[in-house]
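K.L.:
Below are the structure tokens for one structure; questions will follow.
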Amino acid sequence: MKSLIDKTLSFILAIGFVVLPAAAFELDTSVDEEIRKNYNPTAIEKSLPSLPKTSPTQKTTTKQPQTAPPKSLPTTDSTKAKIRVKNMPNSYYSVIDKTTAIRIKKGTKFKVKSNAYLADTTRTGVTFNFTTLAPVTQRYVTIPTGTVFNAIVTDSHSPQITGNGGLLEIAVTGVNHNSNKFYANGKVTKANHKKVFFNNIKGKHQYWKGVSKQVNRGQNFYNKTQRATNKLAGNPFGKIISPIPIVFGTVVYAFNFIGSPIFAIGSKGGKLSIPAGSEFEIKLLEDVYLQQ
């Protein structure tokens, strides 16, 4: 009897496990019906923003890293054979083939004359010309008489109160050959047959002349006082005061003699003036290349 009761209870429990889940799937749809009455789902969908359109053929591109250009072009044998030479100021640059150009060696000197008046008052930047007075022969070329060298004033100043004279500095910038202008770099080594050092053509330095001038002033004043003393000594009434002038003259002379190095600092140097046609000597500081 007990086993029958157990079997009956087990059957009832099994039936309950099967029936209860099935009943759980019955949903309450009353809420959905209320929502549909108050809201229109189609209108809500239309009010939503549209999604962005993408082209099916659109391709994504990636930026390639930019490479910096080379700092300098590779040097080849053809570029080695050529040099870039600057012509005269305010003119173009020309490329000369070094393998066929004629070279005038640096250090070559030319005797020339100036075609313009030059002075310590000539402004910096003024250009003028030299003309050769004698031919100069180099390998494969002769620079004939009358060849024109271009020059420019690179520095100048008037006499200074420190005793320095006027100054003029000249640079050779080019040479005319076969109706063409070629770059040249040179300096002046002689002006009016006098040597020029460091390319500085200078007026006379007047410092020591100023020293001598101050001493001479003291000497002249002393001579005047001495004559005055001699004149007073010849007068019986002047013998008493006759020593006074010469003593005063001696003091002034000593003052000028001792102070002359200081007083001479305020003296100006000599002026510099070079007439047109004056003779110069110029020297090349670099090789000059000429194209025939």
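K.L.:
Residue check, Phe263 against (1) surrounded by fewer than 15 Cβ atoms within 10 Å (Cβ to Cβ); (2) over 30 Å from the mean Cα position of the chain (by Cα); (3) within 21 Å of Ser158 (Cα to Cα); (4) among the aromatic types (Phe, Trp, Tyr), all met but one. Which one?
P.N.:
(1)
K.L.:
Give the range 188-200 a look and list any residue that's over 25 Å from the mean Cα position of the chain (by Cα), in a strand (DSSP E or B) and aliphatic (A, V, I, L, M), or say none.
P.N.:
Ala191
K.L.:
Return the total of residues in the range 144-187 being in a strand (DSSP E or B), among the β-branched types (Val, Ile, Thr) and in contact with a Leu (Cβ under 9 Å, 6 or more places away or on another chain).
P.N.:
Going through the range 144-187 one residue at a time, the tally reaches 4.
K.L.:
Tally up the residues in the range 266-278 that are exposed (fewer than 14 other Cβ atoms within 10 Å of the Cβ) and either of a type in the set (D, E, K, R) or at pLDDT 80 or above (or both), please.
P.N.:
Looking only at that region, the number is 3.
K.L.:
Still on this model: When the residues of the range 228-240 are narrowed to those that are exposed (fewer than 13 other Cβ atoms within 10 Å of the Cβ) and not polar (S, T, N, Q), which ends up nearest to Lys213 (Cα to Cα)?
P.N.:
Here the answer is Lys231.
K.L.:
A further question on this structure: Determine the pairs where a residue that is modelled with pLDDT of 95 or more and crowded, with 20+ Cβ neighbours inside 10 Å, located within the range 281-292, has a partner that is of a type outside the set (Gly, Ala, Ser) and assigned to a strand (DSSP E or B) with Cβ atoms under 6 Å apart, the partner being 6 or more residues away or on another chain.
P.N.:
Partner pairs satisfying both residue conditions: Ile282/Phe110; Ile282/Val112; Ile282/Val172; Ile282/Val188.
K.L.:
Please work out which residue is farthest from Leu133 (Cα to Cα), limiting yourself to the range 180-224 and to residues that are of a type in the set (Val, Ile, Thr) and at pLDDT below 90.
P.N.:
Val215
K.L.:
For the range 117-147, enumerate the residues that are crowded, with 17+ Cβ neighbours inside 10 Å and touching a residue at least 60 places away in the same chain (Cβ under 8 Å).
P.N.:
Residues satisfying the conditions are Leu118, Asp120, Phe130.
The values are calculated or read from the model by the stated rules, or taken from the named source; none is laboratory data. Nothing here was measured: the structure is a model prediction, and the numbers come from that model. FYI the Cβ positions are ideal-geometry reconstructions off the backbone, even for glycines, and counts take in every protein chain you see.
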